[in-house]
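Engineer: After the structure tokens below, expect a handful of questions from me.
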Amino acid sequence: TSQTQTYVLASVLVTCLTSVIAGNTAFEMPVTTAVDIEGNVYVGELAGKVMRIDGAGKTTTVLDSGHELQDIAIDRNNNIVVAANVRSAVTIYSADGHLVRQLEIPATSGPRRVEPTADGVAIFMHELSRDVVRFYDSDYAEVGLIDVSESCAKARPDFGMFDIAIEPGGAIWVANLLACGDQYTLRKYNRAGELLGSWSHASPTAEADADSAIPALADIFVTNTNLYAVLNLTTAKGGAQVDVWTTQGTFKYRASVGGLTQIPIRARVTGTDVLFADMDGEKGIHRVPLNSLEGGR
């Protein structure tokens with residue numbers, strides 16, 4: 001049985017400091033990151049380049065897709081999956097940047113996000129009037145599809161699906177940006193497409209303090225126990241804010257991540273840390289200890 005809950009919340013700020021990775025390397029508008037099985041960090045720049053940072057901090061350009069990037073991910077074979085900001089463009093490259101294959105997806109699709117799964121990858125696509133998540137196995141045969149479109153009867157238009165995150169156990173989280181008059185909504189599905197729950201933030205009627213405003217969504221990521229919603233708002237003192245929920249849909253608190261100068265476009269969990277892409281920052285990629293976002297009230 002699905003459940004729908006709406007929250008209007010005051011902020012509980014947990015401040016987290018960041019460290020910058022990659023030595024003295026500066027990136028040009030990084031928008032996404034990924035981590036391979038050896039712990040190397042990959043950074044996708046908006047213009048299309050993908051850079052690799054090894055354990056010693058050395059940065060190498062692995063490939064240039066030639067298209068504006070939406071997202072990258074590393075699959076089970078340590079290949080790089082690139083979703084570009086052109087229709088039907090999802091391309092798989094080897095770890096050294098050689099073309100492996102072009103993924104065949106419907107011509108009407110606009111790929112937005114790529115997430116690794118236990119048996120392959122999941123790709124969020126906007127297809128004409130619907131939002132879908134398509135599942136592929138390790139050989140890139142399509143093995144499933146769920147329609148996660150959300151109808152909206154309220155005055156404010158539905159801005160559509162914005163991001164996905166997949167729990168280690170396989171449940172799929174879907175986030176909507178400015179959906180149906182709310183600031184953001186979170187929905188949870190199983191692999192069969194059954195809605196397990198729905199939660200949203202309602203727009204406050206009046207809010208004078210920018211630090212405690214409930215803003216729209218920038219990104220989500222998930223662990224075994226928590227769902228993290230990166231918010232489309234920087235604090236008055238700089239940095240970004242992250243709403244922390246349990247994977248059962250209970251809001252816990254809001255964390256403030258210092259050291260960021262621009263809204264993070266993408267956040268990835270890597271072991272005990274989270275990597276934030278900072279488009280306008282001096283270095284561009286920030287590493288935040290995950291437990292600092294789980295610090296409680």
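The values are calculated or read from the model by the stated rules, or taken from the named source; none is laboratory data. What you see is a predicted model, and the numbers here were worked out from it, not measured in a lab. Cβ coordinates were reconstructed from backbone atoms using ideal geometry, including for glycine residues, and neighbour counts include every protein chain displayed. Remember, those area values only see protein heavy atoms, side chains included, never the ligands or the DNA or RNA. Shrake-Rupley method; radii C 1.70, N 1.55, O 1.52, S 1.80 Å.
Engineer: Looking at the structure I just gave you, is Val41 at pLDDT below 90 and closer than 22 Å to Ile220 by Cα?
Structural biologist: Values: at pLDDT below 90: no; closer than 22 Å to Ile220 by Cα: yes.
Considered against the rule, which asks whether it is at pLDDT below 90 and closer than 22 Å to Ile220 by Cα, Val41 comes out as no.
Engineer: Which of the residues belonging to the range 110-167 are modelled with pLDDT of 90 or more, under 19 Å from Leu186 (Cβ atoms) and of a type outside the set (Val, Ile, Thr)?
Structural biologist: Selection gives Glu115, Ala122, Asp147, Ala165, Glu167.
Engineer: Pull out all pairs, ordered by first then second residue, where Cβ-Cβ is under 7 Å, the residues are six or more apart or on different chains, the first lies in the range 68-82 and is of a type in the set (Asp, Glu), and the second is part of a loop (DSSP other than H, G, I, E, B).
Structural biologist: Glu68/Leu46; Glu68/Ala47; Glu68/Gly48; Glu68/Asn85; Asp71/Arg266; Asp75/Ser138
Engineer: Give me the strands (runs of 3 or more DSSP E) completely within the range 45-153, filtered to those with at least 2 residues that are open to solvent by 20 Å² or more (accessible area, probe 1.4 Å) and out of contact with any helix residue (DSSP H, G or I) (no Cβ under 6 Å at 6 or more places or on another chain), ordered by residue number.
Structural biologist: The qualifying strands (runs of 3 or more DSSP E) are 49-53, 59-64, 99-102, 109-116, 130-137, 142-147.
Engineer: Considering only strands (runs of 3 or more DSSP E) fully contained in the range 187-243, which possess at least 2 residues that are small (Gly, Ala, Ser) and modelled with pLDDT under 85?
Structural biologist: Of the strands (runs of 3 or more DSSP E) lying wholly inside the range 187-243, those with at least 2 residues that are small (Gly, Ala, Ser) and modelled with pLDDT under 85 span 195-202.
Engineer: Return the residues of the range 248-258 that are modelled with pLDDT of 85 or more and open to solvent by 10 Å² or more (accessible area, probe 1.4 Å); say none if nothing qualifies.
Structural biologist: Selection gives Gln248, Thr250, Phe251, Lys252.
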